[in-house]
Amino acid sequence: MTTTPRTVAEAEAVQDRLRPMVDLVGPGPTTPRTVAGLDVAYAEDGDRLAAAVTVLDATTLAVLDAVVLPGRAAFGYVPGLFAFRELPTLLAALDRLTVAPELLVCDGHGLAHPRRFGLACHLGVLTGLPAIGVGKTPLVGRWEEPGRPRGSWSPLLDGADEVGRVLRTQDGIKPVFVSVGHRMGLDNAVAQVLNLARRYRLPETTREADRLCRTELRRLAALPADPCRPH
DNA sequence: GCGACAG
DNA sequence: ATCTTGTCGC
């Protein structure tokens with residue numbers, strides 16, 4: 001089972017306990033055959049959610065498998081502890097996959113985190129799979145604007161550590177924040193994200209998962225009260 | 001002390 | 001994350 005803390009102190013303790021288990025050596029797969037995208041959509045109340053995992057062919061980007069599950073936020077939103085909200089439902093969805101992913105692309109940071117243990121590290125350690133974090137906005141670190149062309153990047157520095165890279169995935173488009181989650185090298189992480197973001201700012205894996213969980217959330221909201229489980 | 005703060 | 005209209009541009 002997953003360790004679900006109830007307080008900020010407990011959550012930080014969990015991160016500190018798991019952080020040493022992150023594999024920072026593995027360069028990761030050069031040409032994975034299957035890549036998973038993970039994302040969560042929240043209802044207006046901020047409590048109910050839908051978590052989605054999609055598995056794509058890393059070459060053709062065809063969707064090979066997809067799972068979406070309803071759930072509840074397992075923790076309050078606290079920057080730095082955000083992973084605890086969606087971890088349980090995401091792990092449940094991962095368990096139901098029929099096509100095994102060789103790499104996880106997470107919607108959030110990995111090492112680019114105050115305690116070097118963001119969502120991508122957490123999911124990587126718990127599943128044992130190589131994992132990458134792709135954030136849309138920064139959490140920690142300083143950086144300089146990368147060049148305009150797709151593929152340009154600049155280091156994301158937290159003190160003296162390069163905790164990630166600010167990567168331009170499309171010409172002249174706002175960059176994303178790439179960081180290592182588990183069993184990956186930073187160079188490879190950037191290469192994998194570029195391969196997955198061929199036409200849009202975000203990797204196709206993330207876009208597919210995002211679309212799936214948002215659609216499911218709307219479907220759930222439009223559904224009448226469940227007659228099978230009355231109050 | 002003040003501001004910042006993944007999704 | 002989500003709430004939201006129009007608008008600028010290819």
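Restricted to segment A:142-229, the set of strands (runs of 3 or more DSSP E) holding at least 2 residues that are at pLDDT 95 or above and under 19 Å from A:T30 (Cα atoms) comprises A:161-167, A:176-182.
The single condition among (1) without any contact (Cβ under 8 Å) to a residue 12 or more places away in the chain; (2) within 15 Å of DNA strand B (Cβ to nearest atom); (3) farther than 19 Å from A:E216 by Cβ that A:A62 does not satisfy is (2).
Scanning segment A:30-55 for residues that are touching a residue at least 40 places away in the same chain (Cβ under 8 Å), more than 15 Å from the chain's Cα centre (by Cα) and away from DNA strand B (no atom under 13 Å from the Cβ) turns up A:T30, A:P32, A:R33, A:T34.
The selection criterion, being on the phi > 0 side of the Ramachandran plot, surrounded by fewer than 18 Cβ atoms within 10 Å (Cβ to Cβ) and assigned to a loop (DSSP other than H, G, I, E, B), does not hold for A:G26. Filtering segment A:111-126 to residues that are surrounded by 24 or more Cβ atoms within 10 Å (Cβ to Cβ) and either within 16 Å of DNA strand C (Cβ to nearest atom) or not in a loop (DSSP other than H, G, I, E, B) (or both) leaves A:A112, A:G118, A:L119, A:A120, A:C121, A:H122, A:L123, A:G124.
A single member of A:T4, A:T98 is open to solvent by 20 Å² or more (accessible area, probe 1.4 Å), within 16 Å of DNA strand B (Cβ to nearest atom) and over 21 Å from A:Q192 (Cβ atoms), and it is A:T4.
The values are calculated or read from the model by the stated rules, or taken from the named source; none is laboratory data. Because the structure is a prediction, the values reported are computed rather than measured. In this analysis, Cβ positions are derived from the backbone assuming ideal geometry, glycine residues included, and neighbour counts consider all displayed protein chains. Just so you know, the surface numbers come from the protein's heavy atoms only, side chains and all, with ligands and any DNA or RNA stripped out. Shrake-Rupley method; radii C 1.70, N 1.55, O 1.52, S 1.80 Å.
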